[in-house]
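Engineer: My structure is below; once you've seen it, I'll send some questions.
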Amino acid sequence: MSANTVNKILADEMSAAIRLIESNKPAIDALSDSLMKRSHLNGAEISSLLEKYSPKKGTSE
C-alpha cells in the first residue's frame with residue numbers, strides 16, 4: 001500500500017469519526033453534564049440519556 005493510499009484512508013476515517021462525534025454531540029454533552037453532577041451513572045441512566053439525545057436512524061439530525 002502506498003503512502004498516498006494510507007493517507008487517504010486515514011483522512012477518510014478521521015472525517016467519519018468527526019461526523020460521528022458531531023452528530024452525537026447533544027448526547028455527549030448530556031452525558032458529560034450528568035457525570036459532572038454525580039460522577040457516577042449506572043447503565044440504565046446512560047442508556048436513557050443516549051436514547052433521549054442521540055439522533056434517530058433515518059433522520060437528518
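All of the numbers you see were taken from the coordinates with simple rules; none came from a lab. On a predicted model such as this, the values are computed, not experimentally measured, just so you know. Ideal geometry is used to build each Cβ from the backbone, glycine not excepted, and the neighbour counts take in all protein chains shown.
Engineer: Filter the stretch 36-57 down to the residues that are assigned to a helix (DSSP H, G or I) and exposed (fewer than 13 other Cβ atoms within 10 Å of the Cβ) and list them by number.
Structural biologist: Let us first name the residues in the stretch 36-57 that are assigned to a helix (DSSP H, G or I), namely 36-38, 43-53.
If the condition is that a residue be assigned to a helix (DSSP H, G or I) and exposed (fewer than 13 other Cβ atoms within 10 Å of the Cβ), then MET36, LYS37, ARG38, GLY43, ALA44, SER47, GLU51, LYS52 are the ones that fit.
Engineer: Keeping to the stretch 14-36, report how many residues are small (Gly, Ala, Ser) and within 13 Å of SER54 (Cα to Cα).
Structural biologist: So the answer is 3.
Engineer: I'd like the full set of residues that are in contact (Cβ under 8 Å) with a residue 24 or more places away in the chain and assigned to a helix (DSSP H, G or I), limited to the stretch 9-28.
Structural biologist: Of everything in the stretch 9-28, those that are in contact (Cβ under 8 Å) with a residue 24 or more places away in the chain and assigned to a helix (DSSP H, G or I) turn out to be SER23, PRO26, ALA27.
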